[in-house]
Amino acid sequence: MIKTRDSFPDILRGFALLGIAMVNVQYFAVDTVSGFESADLTSGANSAAAFIVMLLFQSKFYLLFSFLFGYSAHYVIKGERANRSRWVGRSVGLILFGVVHFVFLFHGDILFLYGVFGLVLLAFYFRPDKTVRRWARGIYIFSAVLFTLLALLVAVGEALLASKGKTLPDDTSGLGGLNQALASGGFLEAAAARFELWLTFAPQGFLLQGPLVMVAFLVGVLVARKNGLASGANPVLMRRMALWGISIGLPLQLAAAAIYIFNLLADQYSLGLSLISLALNFLTAPILSAGYVGVLWLISERLGGIALLSAAGRHSLTIYLSQSVIFSVLFSAWGLGLFAQLDAWLVALTAFLTWLVLSVLAMVNLRFFTRGPMETALTKFSKLFVRKA
């Protein structure tokens, strides 16, 4: 009997790709460092777009994507130590894709991070559930304490300087090289500036985002062991996730987004307040992400699946990279040259339409092939690491 593919993880991936596009596009189109913060938010439409992205998308979807990456490990390794080499090949492949991606397309690449932490995941994969839960809890607590302390220390330091009539030094003045390259430079000039910017931000990305990615990986492994997203998932649990995830997570994210936007619109911008809003946003994002999972499961069960999202999810790597290609062509000087030319709401709309078109193309592709071109390439590459009997 041939086992049918569980569609819900694919539906979640397709949904996560929308969120990733909505968040990433601002760093292609508005400002490569500060994104929508550099847009004209005095416009109601622009501030609404930035607010909605922060409220509904920022940090929720990369965690959801990370969770699904950990979940997929169970289907690749299948609990067999002999399958570790295939996972190693997959992780190395993602690292290579990531290098190409962050040099030539997007400095905010997640593939390199996934590949590195995918290798780290092997140290936890075969451990008992209790051990994996402890590590996930411990890493999350470490991240929460680190992020919160950083935000509070900056806020306190800012207040002390303000009492003496001083302000924090502006250390972003030397980070505009990629902005200039995207606005007026060629392809290779932009690549060089992008690599330089990635080197600048990669360490803090690994320190601040990496632990949360690892937590999401571990939770994904635990859920996969229980077949938590497979057909026949616990409907009571999903309803609770939808109810509590939305009722608790959404107000917390609303508070984070409100602080974020009001701070940007204030006469005096506060870095400390911005970091506090980001800490609240990042550390409570898993609650709303869980709510998204529950709501989407209930909707898909009622509709009998969501073909558009499922098709997109089966092309997750292809669509993720294709989004970057399209954004680069649209906003770079070597393309259509729209960098810093569009209002924030138009930038957000562009991201949605890009995701929609690519998802429709994924549906068309499934009529002829079982997977996307990048998924095929990664699978073939990972097989190179499998020892033949």
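The values are calculated or read from the model by the stated rules, or taken from the named source; none is laboratory data. What you see is a predicted model; the values in this text were computed from it and never measured. Cβ coordinates were reconstructed from backbone atoms using ideal geometry, including for glycine residues, and neighbour counts include every protein chain displayed. With ligands, DNA and RNA removed, areas are computed over all heavy atoms of the protein, side chains included. Shrake-Rupley method; radii C 1.70, N 1.55, O 1.52, S 1.80 Å.
Structure values in brief
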| quantity | calculated |
| --- | --- |
| Contour excess over end-to-end distance, with Cα ends at Thr42 and Arg240 and 0.36 nm allotted per residue | 67.4 nm |
| Angle between the chain longest axis and helix 187-204 axis [Cα atoms, degrees, rounded to 10] | 90 degrees |
| Gain on full stretching of the segment that runs from Leu207 to Leu265 - 0.36 nm per residue minus C-alpha separation | 18.0 nm |
| Binned Cα-Cα distance frequencies in the chain - 10 Å width, integer % | 5, 21, 34, 27, 11, 2, 0, 0 |
| The stretch 25-91, dipole about Cα centre (Lys/Arg Cβ +1, Asp/Glu Cβ -1), debye to the nearest 20 | 720 debye |
| The stretch 110-164: C-alpha gyration tensor shape, a/c 1.5 cut-off, then a/b vs b/c | oblate |
| Spatial separation of Cα centroids for the stretch 295-346 and the stretch 265-284, in angstrom | 27 Å |
| Given charges at beta-carbon only (K, R positive; D, E negative), |dipole| of the stretch 163-307 in Debye | 660 debye |
| Relative contact order computed over the stretch 242-330 (Cα-Cα under 8 Å; 6+ residues apart), in percent | 36 percent |
| Among Phe67, Leu197, Phe327 - extreme Cα towards positive end, dipole of the chain, charges at beta-carbon | Phe67 |
| Helix-derived mean residue ellipticity, 222 nm - over the chain, DSSP H n ≥ 4, -39500 (n - 2.57), to 500 | -24500 deg cm²/dmol |
| Computed label-point distance, nm, for sites Val76 and Leu160 using a 7 Å Cα→Cβ extension | 4.6 nm |
| Efficiency of FRET between Arg225 and Leu149 - r from beta-carbon atoms, R0 35 angstrom, step 0.05 | 0.55 |
| Distance (nanometres) between label positions extended 7 Å along Cα→Cβ at Val99 and Leu336 | 3.3 nm |
| Residue of Ile246, Ile299, Ile20 that the Gaussian network model of the chain assigns the largest fluctuation, springs spanning Cα pairs under 10 Å | Ile299 |
| Rounded Å value of the spacing that divides the Cα centres of the stretch 351-372 and the stretch 26-67 | 24 Å |
| Debye, to nearest 20: dipole size of the chain, +1 on Lys, Arg Cβ, -1 on Asp, Glu Cβ | 2380 debye |
| Label-point separation, Ala258 to Asp6 (7 Å along Cα→Cβ), nm | 3.8 nm |
| Net +/- balance of residues flanking Tyr62 in space, Cβ distance below 13 Å, scoring K and R +1, D and E -1 | +1 |
| Candidate residues His101, His74: accessible-area rank, largest first, probe 1.4 Å | His74, His101 |
